[in-house]
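Presented below is the structure to which this report refers.
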Amino acid sequence: MAKKRILFGLLTLLVIYLCYLAYIFILSPKTNLQSIYLIPKDAVFVIESDKPVESWAKVSESKTWRHLQKNDYFAQLTENIQKVDTVFNDNHRLFEFFDGRSLFISIHMISKKDYGIFYVLDLKRIAKLKLLKTYLNTLLNENYTMSKRVYHNHEILEIYDRKNKETMYLAFIKNQLVASYTHTLVEASIDQYQEPFLGRNLDFLEVNTRVGYEDLFRLYLQYDFLDDYYGRFSDQPNDWIARASKNLLFSGFHFDLDAGGTITANGFTNSSPIHLNYLTALQQSGTAERTVVNIAPKRTALYISYGFDSFTEFYKNFEAVQQDDPEQFESYSEGIQKVEKFLKIDVKENFVSWIGEEIAMLQIKSRISELENEMALVLKTRDAEMAKTHLDFVLKQIKKKTPVKFKTIEYKGHEIKFLSIKGFFKILLGNRFKEFDKPYFVQVNDFVIFSNSPNTLKVLIDDFKEGSTLNNSEEFQQFNKKFEDASSLFIYSDVSLLYENMKIMADAKTKNSLRKNKNFILCFPKAGFQLTPEDDLFETRLVVNYQETEAIPKIERPKPKIQIPADQKITDAVFDLKPIYPSDLNAKIFSKAYSNGQIRFEVDLKDGMKHGQYKAFYSDGTEKITGRFRKDQQVGTWKYFGKDGELLLKKRF
């Protein structure tokens, strides 16, 4: 009888427990709180995943992640994530049970040079089982101690790591578990529970609802705090970062990682309605296919393309946008009127009317000097003849009104000219084009190319003549296929070339850092970003290729010309001279010297081209080569001498 009572009692307890579980998981009111409500409002980045364990396993086991973990700097950046990874691996069964519950990870600047990482895990109804807090003790060994404190009526658990002398802070807020190694972030989350920011921000929700829930994880970027995050890496202001922080609100992406390590992100971006800007005008002006690739050289490190249905329509929208800022519009109008009045031209007729569907800026790896970067502005024309007629008229007006004495230079069938209007492109197209001040320009087929250096134009013509353009690059074409053919904004970077250009501009400390981390920069050989109008947003795509650093081809540098000793057989090759690039096209002579100060060679110039006597010398000053040029071409009889003055070779041109 006693045994039956015990059995009956146990069955009764089991039924009560099952009823309790049924109430917890089925019948109890659903008062779940959304994870996004608990993220502190100053998040720079927010990462979201519905299957955190599965997604993390795919990322952490990828070739890209494993390679980057060898880098001390990257490992330091991801230190807190690595700690969570250790917990994941040590308690795999526990976290498999949590898989399918959304996890948010956010990045916050907690000082000028440091950031904190914040985690939110949605426990759903399991949070109602109070045993969960108790289970946390099973994760701890003698290296950890746990204490508790109360903040604004919420209990914060503090888990102290004796070995690393660090503390992780956790709190349960309704169905959510929040955690961070930064106590202020957990406290800010508790405050956020009372007055949510991101979860009620209409601009964030506009992007969030469009991103979807496919692929590995979603990432959101809040541009308000992007310049603060950038400040961690550099004390120098960055125009592009500042502009993005001011003009954009949020971007949201869903990410995928393929077997080769290529990262693809698709999503949406919205721009600020307060700071109506360039992007607003672009958003209203349609898209265009990229055609500047037909003229951009393979040496292009950075290609920024703006596309529209028509430049005339874009310019109209650009003017309308500026009118919302009276001070800015007044400055713009005064600048245009000043140019028009002085030169007696019509900017809309003489410039706007002939510009086509794309304008682009190019940063190019120099063929001339390892100490300089080349920059070019390329305008696609609606009609090449129309462009030439209007530009010739503007040059005629400049000649009448200014003392500029610059003659047109013909180079390989193309005319290089000089547009002496100070600050014109800044006035016409905005601050992002301000560096093209009083530029030289050349027309090549349907494109007008501007640069502050005439030598940049010369080498662009050389590359075009040789067919060495992005359009003829198999690597670029394969990468370009990952994007829509037409867009409003497209940014492409050849990272290996950009790396070389960055070294030129960097200070000694940054150069040292670049060299140290070279393999971890060059493992991403190509990167691209695209914006395409979609309703009131921009559809956004980001693609970054991964490549093992051993497979990355080395940048080819021009091989130094080998000086042939006088006692060896002399061939006609001694008269194959390198091209020269004088920066002053009005100069009468161009020369280069040896390190000891002796003249290496000198040549007469006319309109920037070799024209007249040419002489080259040995390092002791002895004459080596003599000859003449006419309009950049070798003419007449050329002579090559030994160091003893003996004539060794003659050639007739």
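The values are calculated or read from the model by the stated rules, or taken from the named source; none is laboratory data. Just so it is clear, the model here is predicted, and its values are computed rather than measured. Ideal geometry is used to build each Cβ from the backbone, glycine not excepted, and the neighbour counts take in all protein chains shown.
Only residues that are assigned to a loop (DSSP other than H, G, I, E, B), surrounded by 14 or more Cβ atoms within 10 Å (Cβ to Cβ) and without any contact (Cβ under 8 Å) to a residue 40 or more places away in the chain: list them for segment 613-646, please. Talk me through it step by step, then tell me what you get.
So the first thing to find is which residues in segment 613-646 are assigned to a loop (DSSP other than H, G, I, E, B), and the list is 618-622, 631-632, 642-646.
Filter again for surrounded by 14 or more Cβ atoms within 10 Å (Cβ to Cβ), leaving 618-619, 632, 642-643.
Residues satisfying the conditions are Tyr618, Ser619.
When only residues in segment 224-281 that are assigned to a helix (DSSP H, G or I) and of a type in the set (Lys, Arg) count, which is modelled with the lowest pLDDT?
Arg243
Condition (residue is of a type outside the set (Val, Ile, Thr), at pLDDT below 90 and in contact with a Leu (Cβ under 8 Å, 6 or more places away or on another chain)) applied to segment 555-574: is it met by at least one residue?
Looking only at segment 555-574, we keep the residues that are of a type outside the set (Val, Ile, Thr), and these are 556-561, 563, 565-569, 572-573.
Those still in the list that are at pLDDT below 90 too: 556-561, 563, 565-569, 572-573.
Those still in the list that are in contact with a Leu (Cβ under 8 Å, 6 or more places away or on another chain) too: 566, 572.
Checking segment 555-574: at least one residue is of a type outside the set (Val, Ile, Thr), at pLDDT below 90 and in contact with a Leu (Cβ under 8 Å, 6 or more places away or on another chain).
Of the conditions (1) at pLDDT 90 or above; (2) farther than 20 Å from Val459 by Cα; (3) not assigned by TED's automatic domain parsing to the domain that holds Leu489, Val543 fails just one. Which one is it? Val543 satisfies every listed condition except (3). Taking (1) outside any loop (DSSP other than H, G, I, E, B); (2) more than 24 Å from Glu334 (Cβ to Cβ) in turn, Lys407 satisfies each apart from (1). Selection of segment 583-612 for residues being acidic (Asp, Glu), part of a loop (DSSP other than H, G, I, E, B) and free of Cβ contacts under 8 Å to residues at least 40 places away in the same chain yields only Asp584. Being hydrophobic (A, V, I, L, M, F, W, C), touching a residue at least 24 places away in the same chain (Cβ under 8 Å) and assigned to a loop (DSSP other than H, G, I, E, B): is that true of Phe436 here? Against the criterion (hydrophobic (A, V, I, L, M, F, W, C), touching a residue at least 24 places away in the same chain (Cβ under 8 Å) and assigned to a loop (DSSP other than H, G, I, E, B)), Phe436 qualifies. If you go through segment 512-532 one residue at a time, do you hit one that is more than 16 Å from the chain's Cα centre (by Cα) and at pLDDT 90 or above? Yes, that holds for at least one residue.
Every condition in (1) within 17 Å of Leu429 (Cβ to Cβ); (2) in a helix (DSSP H, G or I); (3) in contact (Cβ under 8 Å) with a residue 40 or more places away in the chain is met by Val293 except one, and the failing one is (1). Would you check if Gly286 is of a type in the set (Gly, Ala, Ser), outside the structural domain of Tyr223 (by TED's automatic domain parsing), crowded, with 21+ Cβ neighbours inside 10 Å and not in a helix (DSSP H, G or I)? The answer is no for Gly286.
Residue-by-condition table, conditions (1) among the aliphatic types (A, V, I, L, M); (2) touching a residue at least 40 places away in the same chain (Cβ under 8 Å); (3) surrounded by fewer than 19 Cβ atoms within 10 Å (Cβ to Cβ):
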| site | (1), (2), (3) |
| --- | --- |
| Gly307 | no, yes, no |
| Phe311 | no, yes, no |
| Asp324 | no, yes, yes |
| Phe329 | no, no, yes |
| Ser333 | no, no, yes |
| Lys341 | no, no, yes |
| Lys348 | no, no, yes |
| Ile359 | yes, yes, no |
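Within segment 251-263, identify whether any single residue is under 27 Å from Glu357 (Cα atoms), crowded, with 21+ Cβ neighbours inside 10 Å and over 16 Å from the mean Cα position of the chain (by Cα), and answer yes or no. No - not one qualifying residue is present in segment 251-263. Taking the numbered list (1) of a type outside the set (Ser, Thr, Tyr); (2) surrounded by fewer than 18 Cβ atoms within 10 Å (Cβ to Cβ); (3) under 21 Å from the mean Cα position of the chain (by Cα) in turn, Leu221 passes all entries but (2).
With Asp235, Asp227, Asp239 as the choices, which residue is surrounded by fewer than 17 Cβ atoms within 10 Å (Cβ to Cβ) and free of Cβ contacts under 8 Å to residues at least 60 places away in the same chain? Break it down into steps so the answer makes sense when it comes.
Values: Asp227 fails: surrounded by fewer than 17 Cβ atoms within 10 Å (Cβ to Cβ); Asp239 fails: free of Cβ contacts under 8 Å to residues at least 60 places away in the same chain.
Just one listed residue meets the conditions, Asp235.
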